[in-house]
Amino acid sequence: MTMFTKPIVRALCLSAVFALGFLFRGMIAPNAAIVVPDAQAQGERGPGSRRCSSRTLMGAYGVKFEGLRVGIGPIASVSRFTFDGEGNFNASEIGRFNGSAVQRSISGQYTVNEDCTGFLNFISIVSGQPTNVRGDFVVVQGGQEFFLLDNSDNWVANGVGKKL
């Protein structure tokens, strides 16, 4: 009989706690212990709500870039980009364009929007004629990485940059 006593006592105690909670629920002042607004406030600061600026991209990043120039050929490169946090960058790049070695230094401007999207502009000479290049990007991982798309005419290329 003692084998059944402990579970019965536990069940009675648990039932008593629930009954007391039910009886005294009206005695607690409204809004005295608000849990939901705190959870909502955390949700407002959660993923996707980060605010960015040009200072979000600051310092050195390693970038892997690949794609192709329509009608000419593929490109693959690795670069070291350095962002100054004020809207300017410079980079040194080494790679292959349509099978030929490419090594260059570039510099330009960048903009980071509040929603962590942005773009960069620079002059490229990789395909012969100087060309204005626009790269669109999104900053991720709190500025530790960015995803880049070459949005210039006749290019289908993208890359990933990771903070060094």
message: Show the residue pairs meeting these rules: Cβ distance below 7 Å; 6+ apart or different chains; first residue within the range 89-100 and in the same structural domain as Val70 (by TED's automatic domain parsing); second residue part of a strand (DSSP E or B) and aromatic (Phe, Trp, Tyr).
response: Phe89/Phe81; Phe89/Phe83; Phe89/Tyr110; Ala91/Phe81
- prompt: For the range 73-88, what are the residues that are in contact (Cβ under 8 Å) with a residue 60 or more places away in the chain and surrounded by fewer than 17 Cβ atoms within 10 Å (Cβ to Cβ)?
  reply: Arg80
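Any residue at all in the range 66-82 that's outside the structural domain of Val156 (by TED's automatic domain parsing), at pLDDT below 95 and over 22 Å from Gly142 (Cα atoms)?
So far as the range 66-82 goes, no, none of its residues is outside the structural domain of Val156 (by TED's automatic domain parsing), at pLDDT below 95 and over 22 Å from Gly142 (Cα atoms).
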query: Do you know which of the residues in the range 125-144 that are surrounded by 16 or more Cβ atoms within 10 Å (Cβ to Cβ) and in contact with a Lys or Arg (Cβ under 8 Å, 6 or more places away or on another chain) is nearest to Thr56 (Cα to Cα)?
result: Gly143
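The values are calculated or read from the model by the stated rules, or taken from the named source; none is laboratory data. The shown structure was predicted, so the numbers you read here are calculated from the model rather than taken from an experiment. Reconstructed Cβ throughout: ideal geometry from the backbone, glycine too, with neighbour counts over all protein chains shown.
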